[in-house]
Amino acid sequence: MRKIATSLVIALTGLSSVHAEEPVSKILFGSCIKQANPIPIFDTINQHQAEIFLFLGDNIYADTDDMAVMREKYEILGAIPGFQRLQKSATILATWDDHDYGLNDGGADFAKRKEAQKEFLDFWGDPEDSQRRKREGVYGSEIFGPEGQRVQIILLDTRYFRSPLKKGDKRLGGSYYPDTNPDLTMLGEKQWKWLETELQKPAEIRLIGSGIQVVPEAAGQETWSNLPTERQKLFDLIAKTKANGVILLSGDRHWSEYSRTTENTPYPIYDFTSSSLNQAHPRGTPTKNRFRISDKTYHRENFGEIKIQWADENTRIEIRIRDLRGNARISHSIRLPELSPRK
C-alpha cells in the first residue's frame, strides 16, 4: 500500500502542510491502548493496509506526572512489532486524550502538561522546528491529495486548555453534567482561532479528530456536551467558514458507536467513535445517546476504517468498525454532497 510520505511518522506541524500526491482512499483510526497488554489487533490493522492511521488518544495509559514513567510507557508501545510495522507502512498522525496526557479526566489544571507535551512530541517524532514545539497544545492539521480530491485531517487537543467540568450525582456514564457558563472553554482562544483558519482552507473532505466524543449527549461521561456552548460554537464555526465535508472521529469510550445531529448545524454532523484497540468494555452497556444512528454498538477490540470512493459529485465515504478478526461490525455510507451547507 502506498505511503503518503517517506518519513516513518508525519508530525503535525500546525502549518497545514499539503501533500498533493495521488488521492487518499483508505484511512484507519483507533484509540485506547493498554501498552503493557497484548495488542493482537495491530496484526489485523496491518493486514488492512492503511495509507494513513489516526491515533485518537489514550495511546498509552501513562496516568502519571513523572515524565520518566511516561517515557518508559511510550517505549513499551514503540517496541511492539505490530506498531513498528504500522509505522513503516502507513503515515501516522496522533493526538492525545487524558491517559496519555497524564491525568485521568484532566484538563488545564494538570500541572505537568508542558512536560507531557514534550514527551508526546518526542515519541511521535515531531522535528525540532515543529510548530507544536513552539506553542501550547498538540493540535495540528495536514491536507492530503490533489485539487478536487483533498482530505484535510484536523486533530484537536481537548485537554491542554479545557476548563474544569461540573460534577454531580454519578450516573451510568459518570458524574459529569452540562455547564452553560460562557467563560468555560474546550479548546482555548488560540486553538479556536487556529481552527477557524484551518476550516477556511480548501478541501473536499475534512476529518476532525477529537479525543472525546462531540455529538453524543451528556450522560455522565466526558463529552463536548458537558460544555454545550463550546459544542455549539464548533457547529457554528463550521457554518461560518462554510466548511464542507466535515466528519468527526472520536475515541475514549471503550466501545464504538455512530452518532449524528442536525440540530443547529449547517448539514448533518456525524461522529464516528472507535474504541478500544485492546480492551473489551467490562460492562457492555452503552450510555444513553439520543443521537445514535442505530442501536448497534460494539464493545470489544476494534478499529475504524474510512474508504473513499472518489467520483466527483458522486464521491462516497464508507465508514466501518472492524473487530479483531477484521470483520465489519458497524457500517455507514455517506455521499459527499450530503456534507454541504444548506442553501
Exercise for the section: Report the label-to-label distance for ASN37 and ASN327 in nanometres (one decimal), using points 7 Å from each Cα along the Cα→Cβ vector. Expected result: 2.1
Problem - Distance cut-off 35 Å, percentage of C-alpha pairs in the chain lying past it - result: 13
Handout entry: Cα-based reach from LYS26 at 14 Å (exclusive), listing aspartates and glutamates while leaving out same-chain residues under 8 positions away
Key = GLU51, GLU305, GLU318
Practice task
Sorted from largest down, give the three principal axis spans of the alpha carbons of the range 45-182, whole angstrom values.
Solution key: 47, 41, 35
Exercise for the section: Would you mind pulling out the separation of the Cα centroids of the range 105-179 and the range 297-335, in Å? Expected result: 24
Practice task
Could I have the simple spin-label model distance between GLN87 and LYS288, label points 7 Å from Cα toward Cβ, reported in nm to one decimal?
Solution key: 4.5
Problem - Tensor-based shape of the range 186-338 (alpha-carbon gyration tensor, a/c under 1.5 rounded, otherwise prolate or oblate) - result: oblate
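Divide by every residue of the chain the summed helix terms, -39500 (n - 2.57) for each DSSP H run of at least 4, and state the resulting mean residue ellipticity at 222 nm, rounded to the nearest 500 deg cm²/dmol. Present the calculation step by step, with values, prior to reporting the outcome.
On the way: 7 runs with 68 residues, N = 343.
Rounded to the nearest 500, the figure is -6000 deg cm²/dmol.
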Fill in the blank from the handout: Given backbone amide H placed at 1.01 Å from N, residues whose amide H is under 5 Å from that of GLY173, ignoring those fewer than 5 places away on the same chain, are GLN221
Handout entry: Pairwise label distance in nanometres, ARG135 with GLU318, each label 7 Å out on the Cα-Cβ vector
Key = 3.7
Practice task
Note the full-extension length gain between ASN104 and THR180 as 0.36 nm times their separation in residues minus their Cα-Cα distance, in nm to one decimal.
Solution key: 25.1 nm
Completion exercise
Taking Cα pairs closer than 8 Å and at least 6 residues apart, the relative contact order of the range 17-339 in percent is 18
Handout entry: Cβ-based charge dipole, the chain, positive-most Cα from VAL246, ASN314, PHE42
Key = ASN314
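Give the average over all directions of the projected area of the C-alpha convex hull of the range 16-118, one decimal, in nm².
Across all orientations, the range 16-118 yields a mean hull projection of 7.4 nm².
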Exercise for the section: Can you tell me which of 295-306, 101-112 comes out highest on packing, and rank the rest after it, using the mean Cβ neighbours within 10 Å? Expected result: 295-306, 101-112
Problem - Residues of the range 94-135 with amide N under 13 Å of a point placed 7 Å along Cα→Cβ from LYS190 - result: 114, 131-135
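No value in this document is a laboratory result; all are computed from the given coordinates. As the structure is a prediction and not an experimental result, all values here were calculated from the model. Every residue, glycine among them, receives a Cβ derived from its backbone with ideal geometry; neighbour counts consider all protein chains shown.
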